[in-house]
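Structure, as C-alpha cells:
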Amino acid sequence: MDYQDIRFEVSGGVAVIELHRPEHLNTYTGRMGIELGDAYRTCDSDDAIRAVVLTGAGRAFCAGADMSVGEETFAKQDRQTFSAAGVDPPAWEVRKPVIAAMNGHAIGIGLTLALQCDIRIAANEGKYAVVQVRRGVMPDGYSHWTLPRIVGMARAADILLTGRTITGAEAAEMGIVSRSLPAAEVLPAARDIAQDIAVNTAPLSVAVTKRLLWESPGLSRADVGRKETELHHHLMGLPDAIEGPVAWIERRPPQWKLSPTRDWPLWPS
C-alpha cells in the first residue's frame, strides 16, 4: 500500500509505525485506519519483524478524530461498512508485541488505539483522554473491553464515563501505561524494549504467550492451566526449547528457529 497517513520502517527486527499527520497532531482519518491495518498485517506475517512500535510524528501521538469537517465528523454511516473498531486487525491480533510509544497527546481514538497495544509508554507532557462522551458519541476501538481488562471496572468507568483528561503521570498511576517519561525519551524507551524482545525472546513463545494473555481474563483458572499445558506440549522438545537453555549456559545470544507463521499450534479450545 502507498502510505500517506502513516510511515513504516523496519530495522533490526523492529518495525516502527508512525502516525504521520504532524500538522494536524496526527488526528485520525479513515485512511489512517486502513493504512494502520495494512501495516499490522505486514508485521504479523513477516517473520523478520519481531516487535512493533506504534508512535506519532511531531509533538502528539494522535489527538483524536479529525473534526475539521465540523458537524459532519460523526454523521450517519453505512451500517454495512462502518465499524467502531478503528483498525482491522487490532494490535492484540498481531503475533508480535506491539508497544505504544505515546510521545504526546493521545485523545479519543488516539488513546483507544493505544489501549489495543500490549505495552504503553506515555509522555509526561502529554494529555490523555477518551473524550467521546463529550462529543456526543461514545468510546470506540474496543475500549469497553480493553480498558476494564487493563485497569479494572472502577477506573475504566472513571475514564470512559467522564471523558476527563489526565496527565502521563496519572495514566501511569492508574495502570493505563507502564510508565511516563519526558516526551523525548518515550520513543527511545519503546525501541529499547522492542530490541530486547527481538534479540532475546523466542518468536513463537512470545506469540502464544501474547494470545493466551489477551484471552485469559475470559477463562477460568482451570481453562488457563489446561491451555498452558497443551501449549507447553507444542513447544517442548522443539528447537527453540533446546536452544534457549543451551544459549544461556554458553552465555551467548540465542539463535531462534521457530516461526509464528510456520509453526503456529492448533489452538486449544
Inset, instruction - Among the candidates LEU213, LEU266, single out the residue that is surrounded by fewer than 19 Cβ atoms within 10 Å (Cβ to Cβ) and either assigned to a helix (DSSP H, G or I) or under 18 Å from the mean Cα position of the chain (by Cα) (or both). - result: LEU213
Legend entry - Hey, PHE74 out of contact with any strand residue (DSSP E or B) (no Cβ under 7 Å at 6 or more places or on another chain), farther than 23 Å from PRO260 by Cβ, surrounded by fewer than 16 Cβ atoms within 10 Å (Cβ to Cβ) and in contact (Cβ under 8 Å) with a residue 60 or more places away in the chain or not: yes
Inset, instruction - Just give me the residues in region 141-197 being under 17 Å from the mean Cα position of the chain (by Cα), hydrophobic (A, V, I, L, M, F, W, C) and farther than 25 Å from GLY218 by Cα, in sequence order. - result: VAL186, LEU187, ALA189, ALA190, ILE193, ALA194, ILE197
Legend entry - Residue that is surrounded by the most Cβ atoms within 10 Å (Cβ to Cβ), among those in region 22-44 that are small (Gly, Ala, Ser) and within 30 Å of SER259 (Cβ to Cβ): ALA39
Inset, instruction - Might you check whether a residue that is in contact with a Leu (Cβ under 9 Å, 6 or more places away or on another chain), outside the structural domain of LEU258 (by TED's automatic domain parsing) and within 26 Å of ARG179 (Cα to Cα) occurs anywhere in region 63-73? - result: yes
Inset, instruction - State whether the residues of region 75-87 include one that is in a strand (DSSP E or B) and within 28 Å of LEU213 (Cβ to Cβ). - result: no
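Does at least one position in region 93-102 carry a residue that is part of a helix (DSSP H, G or I) and either in contact with a helix residue (DSSP H, G or I) (Cβ under 6 Å, 6 or more places away or on another chain) or over 30 Å from TRP267 (Cα atoms) (or both)? Spell out the reasoning first.
So in region 93-102, the residues part of a helix (DSSP H, G or I) come out as 93.
Next, from what is left, pick out any that are either in contact with a helix residue (DSSP H, G or I) (Cβ under 6 Å, 6 or more places away or on another chain) or over 30 Å from TRP267 (Cα atoms) (or both): none.
No - not one qualifying residue is present in region 93-102.
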Inset, instruction - Note down all Cβ pairs under 8 Å where the first residue falls in region 142-171 and is within 12 Å of THR112 (Cβ to Cβ) and touching a residue at least 24 places away in the same chain (Cβ under 8 Å), the second is small (Gly, Ala, Ser) and in a helix (DSSP H, G or I), and they're at least six residues apart or on different chains. - result: LEU147/ALA156; ILE150/ALA156; LEU160/SER143
Legend entry - Failed criterion for THR112 (all others in (1) of a type outside the set (A, V, I, L, M); (2) closer than 26 Å to THR209 by Cβ; (3) in contact (Cβ under 8 Å) with a residue 40 or more places away in the chain; (4) not in a loop (DSSP other than H, G, I, E, B) hold): (3)
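Could you tell me whether GLU228 is without any contact (Cβ under 8 Å) to a residue 40 or more places away in the chain, under 25 Å from GLY152 (Cα atoms) and either touching a strand residue (DSSP E or B) at 6+ places or on another chain (Cβ under 9 Å) or assigned to a helix (DSSP H, G or I) (or both)? Reasoning before the result, please.
Details: without any contact (Cβ under 8 Å) to a residue 40 or more places away in the chain: yes; under 25 Å from GLY152 (Cα atoms): yes; either touching a strand residue (DSSP E or B) at 6+ places or on another chain (Cβ under 9 Å) or assigned to a helix (DSSP H, G or I) (or both): yes.
It is true that GLU228 is without any contact (Cβ under 8 Å) to a residue 40 or more places away in the chain, under 25 Å from GLY152 (Cα atoms) and either touching a strand residue (DSSP E or B) at 6+ places or on another chain (Cβ under 9 Å) or assigned to a helix (DSSP H, G or I) (or both).
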Inset, instruction - Hey, could you check region 115-137 for residues that are in contact with a strand residue (DSSP E or B) (Cβ under 7 Å, 6 or more places away or on another chain) and in a loop (DSSP other than H, G, I, E, B) and say which is farthest from THR29 (Cα to Cα)? - result: ASN124
Inset, instruction - May I ask you to list pairs of residues, at least six apart or on different chains, whose Cβ atoms are under 6 Å apart, with the first in region 80-94 being farther than 16 Å from ALA114 by Cβ and not assigned by TED's automatic domain parsing to the domain that holds LYS210 and the second being outside any loop (DSSP other than H, G, I, E, B) and of a type outside the set (A, V, I, L, M)? - result: ASP88/GLY37
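Among the candidates THR162, THR146, single out the residue that is surrounded by fewer than 17 Cβ atoms within 10 Å (Cβ to Cβ) and among the polar types (S, T, N, Q).
Numbers: THR146 fails: surrounded by fewer than 17 Cβ atoms within 10 Å (Cβ to Cβ).
Only one candidate qualifies: THR162.
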Legend entry - Matching entry among ARG155, ARG179, ARG191 (being out of contact with any Pro (no Cβ under 7 Å at 6 or more places or on another chain), crowded, with 19+ Cβ neighbours inside 10 Å, basic (Lys, Arg) and modelled with pLDDT of 95 or more): ARG191
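Specify the residue that is farthest from SER83 (Cα to Cα); the eligible residues are those in region 118-130 that are of a type in the set (A, V, I, L, M) and surrounded by 23 or more Cβ atoms within 10 Å (Cβ to Cβ).
Among those that are of a type in the set (A, V, I, L, M) and surrounded by 23 or more Cβ atoms within 10 Å (Cβ to Cβ), it is ALA123.
The values are calculated or read from the model by the stated rules, or taken from the named source; none is laboratory data. Not measured: the values here are computed from a predicted model. Glycine also receives a Cβ, built like all others from the backbone with ideal geometry; neighbour counts cover every protein chain displayed.
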